[in-house]
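The values are calculated or read from the model by the stated rules, or taken from the named source; none is laboratory data. Just so it is clear, the structure is predicted and the values come from calculations on it, not from any experiment. Reconstructed Cβ throughout: ideal geometry from the backbone, glycine too, with neighbour counts over all protein chains shown. Just the protein is used for accessible areas: all its heavy atoms, side chains included, with ligands, DNA and RNA removed. Shrake-Rupley method; radii C 1.70, N 1.55, O 1.52, S 1.80 Å.
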Amino acid sequence: MDQAIVSGSNFLTGILVARFLGIESFGVYTLLWAVVIFVLSIQMSVISQPMMTIAPKQPVEYESKYYGAVITNQLVFSFISSFLLWLSVFVVAKNNPEWGLLNLAIPLAFSSFFFQNQDFVRRFFFVRKKTLLSISSDSIGYFGRLVLIIIFFQYFYLDVEVVLWIITASSAIAIFPVILSTSQYSFNFRESYEVFKRHWILVTPIIF
């Protein structure tokens, strides 16, 4: 059910954006979003997928530390990757002003940050056996995105920048459930580093 929500909403989002923005703007959006998906694939490889393998094996007394470390690593990765994404687009836009990308650097970085954190949240809750929270988070994020795109097209203004801000807003709202539940986890940077090394050892054979 959750995958149907995600896949179906992504499909409809692509259709609506193509219909509302036109071919040229949709092409710009597609190229930029491909970069976000690439960043997400790295995040999944080094954080989400190892978590889904390792987390169920953790002793109950260690769960709080482990999940706190994973959340910390996710936040650090998303901050760094989003900053690098902003910097890359900014540099390209400055060197190629005719491409008109300068105003897209910030919304792209924000949309990448919140989109990958929302994806992390859905997998995090599945691992924690809180399926309803995962489905609720995705329903809010993905259906909310569709509704906002339609509303902005009908009543306001819609371009690539606005679409990126819509993705940012809908994804940000969708991650609130995990923010409200973080009080039950223990956060420690040394523990986060140890968990990162453990994840890296697990994922290294897959990458290399």
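Looking across 57, 130, 94, one residue alone is open to solvent by 70 Å² or more (accessible area, probe 1.4 Å), basic (Lys, Arg) and touching a helix residue (DSSP H, G or I) at 6+ places or on another chain (Cβ under 9 Å). It is 94.
Answer yes or no as to whether residue 31 is aliphatic (A, V, I, L, M), loosely packed, with under 13 Cβ neighbours inside 10 Å and at pLDDT 90 or above.
It is true that residue 31 is aliphatic (A, V, I, L, M), loosely packed, with under 13 Cβ neighbours inside 10 Å and at pLDDT 90 or above.
Of all the listed residues (36, 46, 70), the sole one being in contact with a Phe, Trp or Tyr (Cβ under 8 Å, 6 or more places away or on another chain), buried (at least 19 other Cβ atoms within 10 Å of the Cβ) and at pLDDT 90 or above is 36. Take residue 75 and decide whether it is closer than 23 Å to residue 30 by Cα and not aromatic (Phe, Trp, Tyr). Criteria not met by residue 75.
Filtering segment 148-172 to residues that are more than 13 Å from residue 16 (Cβ to Cβ), open to solvent by 20 Å² or more (accessible area, probe 1.4 Å) and either polar (S, T, N, Q) or not in a helix (DSSP H, G or I) (or both) leaves 156, 157, 159. Take the conditions (1) open to solvent by 30 Å² or more (accessible area, probe 1.4 Å); (2) in contact with a helix residue (DSSP H, G or I) (Cβ under 7 Å, 6 or more places away or on another chain); residue 121 misses just one of them, which is (1).
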